[in-house]
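Participant: Let me give you the structure first, and then I'll get to my questions.
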Amino acid sequence: MTDTGYDVIGDIHGHADELEALLAHLGYERKAGAWRHPERKVVFLGDLIDSGPRQLDAVEIVRRMVDEGHAHAIMGNHEFNAIAWYLRDENGQPLRAHTEKNLKQHRVFLAELEGKPGLHKEIIDWFLTLPLWQSFDGFNVIHACWHKGYMDRFSSKLREGNRLDRDLMPEAATKPAEGDDETLFHAIEVWLKGLETTLPNDHQFLDKYNALRREVRVRWWDHNAVLYSDAALIEEEIRNRLPVLEIPHSARYRYPEDVPVFFGHYWMNGDPTVQSSKTACLDFSVAKQGKLVAYRWSGESTLSNASLQYVSSL
Ligand SMILES: [Mn+2]
(Lines give C-alpha, C1' and ligand atoms only; values in the text may rest on other atoms or scores of the structure.)
Protein backbone atom coordinates (compact mmCIF):
# COMPACT_ATOMS: atom_id res chain seq x y z
CA MET A 1 0.00 0.00 0.00
CA THR A 2 1.40 3.43 -0.95
CA ASP A 3 1.14 6.53 1.19
CA THR A 4 -0.05 8.77 -1.59
CA GLY A 5 -3.22 7.07 -2.76
CA TYR A 6 -6.27 8.47 -1.00
CA ASP A 7 -9.80 8.88 -2.28
CA VAL A 8 -11.53 11.51 -0.16
CA ILE A 9 -15.32 11.12 -0.15
CA GLY A 10 -17.90 13.74 0.87
CA ASP A 11 -21.18 13.56 2.80
CA ILE A 12 -23.14 10.31 2.22
CA HIS A 13 -26.27 10.94 4.34
CA GLY A 14 -27.49 7.35 4.16
CA HIS A 15 -27.16 7.03 0.38
CA ALA A 16 -25.47 3.63 0.39
CA ASP A 17 -26.48 2.85 -3.22
CA GLU A 18 -24.50 5.84 -4.45
CA LEU A 19 -21.62 4.99 -2.09
CA GLU A 20 -21.35 1.47 -3.50
CA ALA A 21 -21.55 2.83 -7.03
CA LEU A 22 -18.81 5.38 -6.32
CA LEU A 23 -16.51 2.82 -4.67
CA ALA A 24 -16.97 0.47 -7.63
CA HIS A 25 -16.32 3.36 -10.04
CA LEU A 26 -13.05 4.11 -8.17
CA GLY A 27 -11.92 0.50 -8.55
CA TYR A 28 -12.73 -0.76 -5.04
CA GLU A 29 -14.11 -4.28 -4.65
CA ARG A 30 -16.09 -5.85 -1.87
CA LYS A 31 -14.24 -8.88 -0.52
CA ALA A 32 -15.22 -10.78 2.64
CA GLY A 33 -17.65 -7.99 3.51
CA ALA A 34 -15.26 -5.02 3.21
CA TRP A 35 -14.68 -2.72 0.25
CA ARG A 36 -10.99 -2.43 -0.58
CA HIS A 37 -8.51 -1.33 -3.22
CA PRO A 38 -5.09 -2.91 -3.74
CA GLU A 39 -3.25 0.44 -3.62
CA ARG A 40 -5.56 3.07 -2.20
CA LYS A 41 -7.54 4.04 0.89
CA VAL A 42 -10.63 6.15 1.40
CA VAL A 43 -10.99 9.12 3.73
CA PHE A 44 -14.64 9.82 4.64
CA LEU A 45 -15.49 13.41 5.61
CA GLY A 46 -18.42 12.65 7.95
CA ASP A 47 -22.22 12.94 7.75
CA LEU A 48 -22.66 9.26 6.97
CA ILE A 49 -26.24 9.32 8.29
CA ASP A 50 -29.57 11.18 8.29
CA SER A 51 -31.82 11.80 5.35
CA GLY A 52 -31.22 8.82 3.01
CA PRO A 53 -32.80 5.37 2.73
CA ARG A 54 -29.91 3.04 3.75
CA GLN A 55 -28.29 4.68 6.78
CA LEU A 56 -27.18 1.60 8.68
CA ASP A 57 -25.75 0.16 5.48
CA ALA A 58 -23.78 3.37 4.92
CA VAL A 59 -22.41 3.20 8.47
CA GLU A 60 -21.61 -0.50 8.11
CA ILE A 61 -19.74 -0.02 4.82
CA VAL A 62 -17.60 2.76 6.30
CA ARG A 63 -17.08 1.02 9.66
CA ARG A 64 -15.90 -2.20 8.02
CA MET A 65 -13.48 -0.29 5.80
CA VAL A 66 -12.09 1.66 8.77
CA ASP A 67 -11.86 -1.39 11.05
CA GLU A 68 -9.99 -3.36 8.40
CA GLY A 69 -7.57 -0.58 7.50
CA HIS A 70 -9.01 0.39 4.11
CA ALA A 71 -10.34 3.77 5.16
CA HIS A 72 -10.25 6.62 7.67
CA ALA A 73 -13.32 8.59 8.74
CA ILE A 74 -13.86 11.83 10.64
CA MET A 75 -16.94 13.07 12.48
CA GLY A 76 -19.69 15.15 10.86
CA ASN A 77 -22.30 17.22 12.66
CA HIS A 78 -24.88 14.48 12.09
CA GLU A 79 -22.75 11.91 13.92
CA PHE A 80 -22.18 14.45 16.69
CA ASN A 81 -25.93 15.09 16.92
CA ALA A 82 -26.66 11.34 16.98
CA ILE A 83 -24.31 10.95 19.94
CA ALA A 84 -25.87 13.91 21.77
CA TRP A 85 -29.37 12.58 21.03
CA TYR A 86 -28.40 9.24 22.61
CA LEU A 87 -26.39 10.35 25.67
CA ARG A 88 -27.92 11.88 28.80
CA ASP A 89 -26.65 14.44 31.26
CA GLU A 90 -26.37 13.93 35.02
CA ASN A 91 -30.07 14.81 35.39
CA GLY A 92 -31.10 12.18 32.89
CA GLN A 93 -31.89 14.72 30.15
CA PRO A 94 -30.69 14.00 26.59
CA LEU A 95 -27.73 16.17 25.57
CA ARG A 96 -29.62 17.03 22.38
CA ALA A 97 -33.23 17.88 23.10
CA HIS A 98 -35.76 15.40 21.72
CA THR A 99 -37.79 18.14 20.05
CA GLU A 100 -39.92 17.68 16.96
CA LYS A 101 -37.40 19.67 14.88
CA ASN A 102 -34.44 17.56 16.03
CA LEU A 103 -36.43 14.35 15.62
CA LYS A 104 -37.30 15.26 12.03
CA GLN A 105 -33.60 15.22 11.03
CA HIS A 106 -32.96 11.96 12.84
CA ARG A 107 -36.18 9.99 12.40
CA VAL A 108 -35.07 7.64 9.63
CA PHE A 109 -31.90 6.65 11.49
CA LEU A 110 -33.92 5.91 14.65
CA ALA A 111 -36.50 3.96 12.65
CA GLU A 112 -33.79 1.75 11.15
CA LEU A 113 -32.59 1.01 14.70
CA GLU A 114 -36.05 0.26 16.08
CA GLY A 115 -35.81 -2.87 18.24
CA LYS A 116 -31.99 -2.93 17.99
CA PRO A 117 -30.76 -1.18 21.17
CA GLY A 118 -27.50 -3.13 21.17
CA LEU A 119 -26.64 -2.03 17.67
CA HIS A 120 -27.65 1.56 18.45
CA LYS A 121 -25.22 1.66 21.38
CA GLU A 122 -22.49 0.03 19.29
CA ILE A 123 -22.87 2.64 16.53
CA ILE A 124 -22.85 5.54 19.01
CA ASP A 125 -19.71 4.12 20.64
CA TRP A 126 -18.09 3.91 17.20
CA PHE A 127 -19.15 7.47 16.28
CA LEU A 128 -17.39 8.62 19.47
CA THR A 129 -14.11 7.18 18.17
CA LEU A 130 -14.16 9.36 15.03
CA PRO A 131 -11.62 12.19 15.08
CA LEU A 132 -12.89 15.76 14.66
CA TRP A 133 -10.19 16.39 12.09
CA GLN A 134 -7.15 14.61 10.76
CA SER A 135 -3.84 15.50 9.12
CA PHE A 136 -2.32 13.18 6.56
CA ASP A 137 1.10 13.45 4.97
CA GLY A 138 0.17 16.06 2.37
CA PHE A 139 -3.42 17.10 3.16
CA ASN A 140 -5.88 17.86 5.96
CA VAL A 141 -9.53 16.89 6.46
CA ILE A 142 -12.35 18.31 8.57
CA HIS A 143 -16.12 18.23 8.21
CA ALA A 144 -16.87 21.99 7.95
CA CYS A 145 -14.09 24.44 8.87
CA TRP A 146 -10.38 23.96 9.48
CA HIS A 147 -10.06 26.50 12.29
CA LYS A 148 -6.47 26.51 13.45
CA GLY A 149 -7.09 28.80 16.41
CA TYR A 150 -9.68 26.54 18.00
CA MET A 151 -7.48 23.50 17.30
CA ASP A 152 -4.53 25.09 19.06
CA ARG A 153 -6.70 26.10 22.01
CA PHE A 154 -8.67 22.87 22.50
CA SER A 155 -6.46 20.07 21.23
CA SER A 156 -4.90 19.47 24.67
CA LYS A 157 -8.37 18.91 26.11
CA LEU A 158 -9.33 16.29 23.52
CA ARG A 159 -8.54 12.60 23.56
CA GLU A 160 -5.37 11.95 21.59
CA GLY A 161 -5.54 15.61 20.57
CA ASN A 162 -8.51 15.33 18.18
CA ARG A 163 -11.27 13.09 19.60
CA LEU A 164 -14.25 13.52 21.88
CA ASP A 165 -15.34 10.99 24.49
CA ARG A 166 -18.36 10.51 26.75
CA ASP A 167 -16.96 12.75 29.46
CA LEU A 168 -16.43 15.66 27.05
CA MET A 169 -19.85 15.38 25.39
CA PRO A 170 -21.88 17.42 27.94
CA GLU A 171 -19.53 20.39 27.54
CA ALA A 172 -19.32 19.93 23.77
CA ALA A 173 -23.11 19.77 23.31
CA THR A 174 -24.31 22.41 25.77
CA LYS A 175 -24.52 26.03 24.71
CA PRO A 176 -22.88 28.12 27.43
CA ALA A 177 -24.17 31.39 28.79
CA GLU A 178 -24.17 34.39 26.46
CA GLY A 179 -20.89 36.21 26.00
CA ASP A 180 -18.34 33.44 26.24
CA ASP A 181 -17.40 32.23 22.76
CA GLU A 182 -14.18 30.48 23.76
CA THR A 183 -15.65 27.13 24.79
CA LEU A 184 -15.52 23.60 23.42
CA PHE A 185 -19.14 24.08 22.32
CA HIS A 186 -18.12 26.94 20.02
CA ALA A 187 -15.10 25.04 18.71
CA ILE A 188 -17.35 22.11 17.76
CA GLU A 189 -19.83 24.49 16.11
CA VAL A 190 -17.06 25.88 13.90
CA TRP A 191 -15.31 22.58 13.13
CA LEU A 192 -18.51 20.65 12.35
CA LYS A 193 -21.00 23.31 11.20
CA GLY A 194 -18.89 26.15 9.88
CA LEU A 195 -17.61 29.61 10.66
CA GLU A 196 -19.96 32.51 11.38
CA THR A 197 -19.10 36.17 11.44
CA THR A 198 -20.94 38.98 13.23
CA LEU A 199 -22.20 41.81 11.04
CA PRO A 200 -20.65 45.25 11.75
CA ASN A 201 -22.21 48.29 13.43
CA ASP A 202 -25.31 46.54 14.72
CA HIS A 203 -26.33 45.48 11.21
CA GLN A 204 -29.05 42.85 11.15
CA PHE A 205 -30.85 41.02 8.35
CA LEU A 206 -33.96 38.89 7.93
CA ASP A 207 -33.14 35.31 7.00
CA LYS A 208 -35.37 33.18 4.78
CA TYR A 209 -37.49 32.24 7.81
CA ASN A 210 -37.90 35.97 8.55
CA ALA A 211 -35.81 35.65 11.70
CA LEU A 212 -33.67 38.69 12.50
CA ARG A 213 -29.98 37.74 12.55
CA ARG A 214 -26.72 39.48 13.39
CA GLU A 215 -24.50 36.57 12.36
CA VAL A 216 -23.96 34.91 9.04
CA ARG A 217 -22.07 31.80 8.00
CA VAL A 218 -19.23 32.58 5.60
CA ARG A 219 -17.24 30.93 2.81
CA TRP A 220 -14.08 30.76 4.91
CA TRP A 221 -12.17 29.07 2.10
CA ASP A 222 -12.70 31.91 -0.41
CA HIS A 223 -9.88 34.42 -0.03
CA ASN A 224 -11.48 36.71 -2.62
CA ALA A 225 -14.71 37.15 -0.70
CA VAL A 226 -13.95 40.29 1.30
CA LEU A 227 -17.45 41.83 1.47
CA TYR A 228 -20.09 40.49 3.86
CA SER A 229 -22.46 40.32 0.90
CA ASP A 230 -20.00 38.11 -1.05
CA ALA A 231 -18.72 35.92 1.76
CA ALA A 232 -22.14 35.02 3.17
CA LEU A 233 -23.43 31.49 2.70
CA ILE A 234 -26.99 32.47 2.00
CA GLU A 235 -29.75 31.94 -0.54
CA GLU A 236 -29.07 34.08 -3.62
CA GLU A 237 -32.52 35.70 -3.49
CA ILE A 238 -31.79 37.31 -0.12
CA ARG A 239 -28.08 38.08 -0.56
CA ASN A 240 -28.96 41.75 -1.09
CA ARG A 241 -30.07 41.93 2.56
CA LEU A 242 -26.42 41.84 3.63
CA PRO A 243 -24.18 44.89 3.92
CA VAL A 244 -21.89 45.66 0.99
CA LEU A 245 -19.07 46.39 3.40
CA GLU A 246 -15.60 44.95 3.74
CA ILE A 247 -15.05 42.40 6.48
CA PRO A 248 -12.26 43.88 8.61
CA HIS A 249 -8.96 42.03 8.35
CA SER A 250 -9.14 41.12 12.04
CA ALA A 251 -12.44 39.31 11.42
CA ARG A 252 -11.35 37.41 8.27
CA TYR A 253 -10.37 33.82 8.76
CA ARG A 254 -7.91 32.41 6.25
CA TYR A 255 -6.84 28.79 5.87
CA PRO A 256 -3.26 29.03 7.11
CA GLU A 257 -1.70 25.68 6.14
CA ASP A 258 0.61 24.84 3.24
CA VAL A 259 -1.12 21.58 2.35
CA PRO A 260 -4.62 21.30 0.81
CA VAL A 261 -7.72 20.81 2.97
CA PHE A 262 -10.79 18.73 2.11
CA PHE A 263 -14.14 19.31 3.79
CA GLY A 264 -17.83 18.52 3.24
CA HIS A 265 -21.00 19.91 4.83
CA TYR A 266 -22.00 22.77 2.54
CA TRP A 267 -24.60 21.19 0.20
CA MET A 268 -22.96 22.52 -2.96
CA ASN A 269 -24.95 22.56 -6.21
CA GLY A 270 -24.03 21.97 -9.82
CA ASP A 271 -20.93 20.43 -11.34
CA PRO A 272 -18.30 19.53 -8.75
CA THR A 273 -15.28 21.83 -8.71
CA VAL A 274 -12.54 22.49 -6.19
CA GLN A 275 -12.86 25.84 -4.40
CA SER A 276 -9.20 26.80 -4.83
CA SER A 277 -5.81 25.20 -5.34
CA LYS A 278 -5.71 24.45 -1.59
CA THR A 279 -9.39 23.97 -0.65
CA ALA A 280 -12.04 21.52 -1.84
CA CYS A 281 -15.57 20.98 -0.57
CA LEU A 282 -16.69 17.48 -1.56
CA ASP A 283 -20.35 17.72 -0.48
CA PHE A 284 -22.44 18.06 -3.63
CA SER A 285 -25.81 17.20 -2.09
CA VAL A 286 -26.33 13.53 -2.94
CA ALA A 287 -29.28 13.66 -0.52
CA LYS A 288 -30.91 16.41 -2.60
CA GLN A 289 -30.65 14.84 -6.06
CA GLY A 290 -27.05 15.98 -6.40
CA LYS A 291 -23.81 13.99 -6.57
CA LEU A 292 -21.63 11.89 -4.30
CA VAL A 293 -18.11 13.16 -4.91
CA ALA A 294 -14.61 11.83 -4.39
CA TYR A 295 -11.28 13.60 -4.83
CA ARG A 296 -8.70 11.13 -6.09
CA TRP A 297 -5.57 12.45 -4.37
CA SER A 298 -2.19 11.16 -5.45
CA GLY A 299 0.31 13.34 -3.62
CA GLU A 300 -0.29 16.69 -5.30
CA SER A 301 -0.02 19.95 -3.34
CA THR A 302 -2.17 21.85 -5.85
CA LEU A 303 -5.74 20.61 -6.23
CA SER A 304 -7.32 20.21 -9.64
CA ASN A 305 -10.84 19.59 -10.95
CA ALA A 306 -9.44 16.75 -13.07
CA SER A 307 -9.10 14.65 -9.91
CA LEU A 308 -12.80 14.85 -8.99
CA GLN A 309 -14.86 11.71 -9.56
CA TYR A 310 -18.54 11.34 -8.83
CA VAL A 311 -21.80 9.49 -9.24
CA SER A 312 -25.16 11.22 -9.58
CA SER A 313 -27.99 10.62 -7.13
CA LEU A 314 -29.77 7.35 -8.06
MN1 LIG B 1 -22.71 18.42 7.76
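Participant: Here is a list: Glu100, Glu171. Which entry is in contact with a Leu (Cβ under 8 Å, 6 or more places away or on another chain) and open to solvent by 30 Å² or more (accessible area, probe 1.4 Å)?
Facilitator: Glu171
Participant: When residues of segment 138-147 are filtered for being more than 13 Å from Leu45 (Cα to Cα) and either at pLDDT below 95 or touching a helix residue (DSSP H, G or I) at 6+ places or on another chain (Cβ under 9 Å) (or both), how many remain?
Facilitator: So the count comes out to 1.
Participant: Out of the residues in segment 149-162 that are surrounded by fewer than 17 Cβ atoms within 10 Å (Cβ to Cβ) and not in a loop (DSSP other than H, G, I, E, B), state the one that is farthest from the ligand (Cβ to nearest atom).
Facilitator: Checked segment 149-162; the qualifying residue farthest from the ligand (Cβ to nearest atom) is Ser156.
Participant: Specify the residue that is surrounded by the fewest Cβ atoms within 10 Å (Cβ to Cβ); the eligible residues are those in segment 1-57 that are outside any loop (DSSP other than H, G, I, E, B) and basic (Lys, Arg).
Facilitator: The qualifying residue surrounded by the fewest Cβ atoms within 10 Å (Cβ to Cβ) is Lys31.
Participant: Just the residues that are touching a residue at least 40 places away in the same chain (Cβ under 8 Å), small (Gly, Ala, Ser) and out of contact with any Asp or Glu (no Cβ under 9 Å at 6 or more places or on another chain), please, taken from segment 74-114.
Facilitator: Correct list: Ala84 only.
Participant: Can we say Tyr228 is more than 18 Å from the chain's Cα centre (by Cα), surrounded by fewer than 14 Cβ atoms within 10 Å (Cβ to Cβ) and away from the ligand (no atom under 16 Å from the Cβ)?
Facilitator: no
Participant: Determine, yes or no, whether Gly14 is away from the ligand (no atom under 16 Å from the Cβ), of a type outside the set (D, E, K, R), at positive phi and in the same structural domain as Glu171 (by TED's automatic domain parsing).
Facilitator: no
Participant: Tell me which residues, restricted to segment 175-224, are surrounded by 11 or more Cβ atoms within 10 Å (Cβ to Cβ) and among the charged types (D, E, K, R).
Facilitator: Asp181, Glu182, Glu189, Lys193, Glu196, Asp207, Arg213, Arg214, Glu215, Arg217, Arg219, Asp222
Participant: Show the residue pairs meeting these rules: Cβ distance below 6 Å; 6+ apart or different chains; first residue within segment 7-24 and within 24 Å of Asn81 (Cα to Cα); second residue small (Gly, Ala, Ser) and open to solvent by 10 Å² or more (accessible area, probe 1.4 Å).
Facilitator: Listed by first residue and then by second, the contacts come to His13/Ser51; His13/Ala287; Gly14/Ser51.
Participant: Collect the residues in segment 271-295 that are open to solvent by 50 Å² or more (accessible area, probe 1.4 Å), closer than 13 Å to Pro260 by Cβ and outside any loop (DSSP other than H, G, I, E, B), keeping them in residue-number order.
Facilitator: Answer for segment 271-295, where residues must be open to solvent by 50 Å² or more (accessible area, probe 1.4 Å), closer than 13 Å to Pro260 by Cβ and outside any loop (DSSP other than H, G, I, E, B): there is none.
The values are calculated or read from the model by the stated rules, or taken from the named source; none is laboratory data. Since the structure is predicted, the reported quantities are computational estimates derived from the model, not experimental observations. Note: ideal-geometry Cβ built from the backbone for every residue, glycine included; neighbour counts use all protein chains shown. Keep in mind that these areas ignore ligands, DNA and RNA; they rest on the heavy atoms of the full protein, side chains included. Shrake-Rupley method; radii C 1.70, N 1.55, O 1.52, S 1.80 Å.
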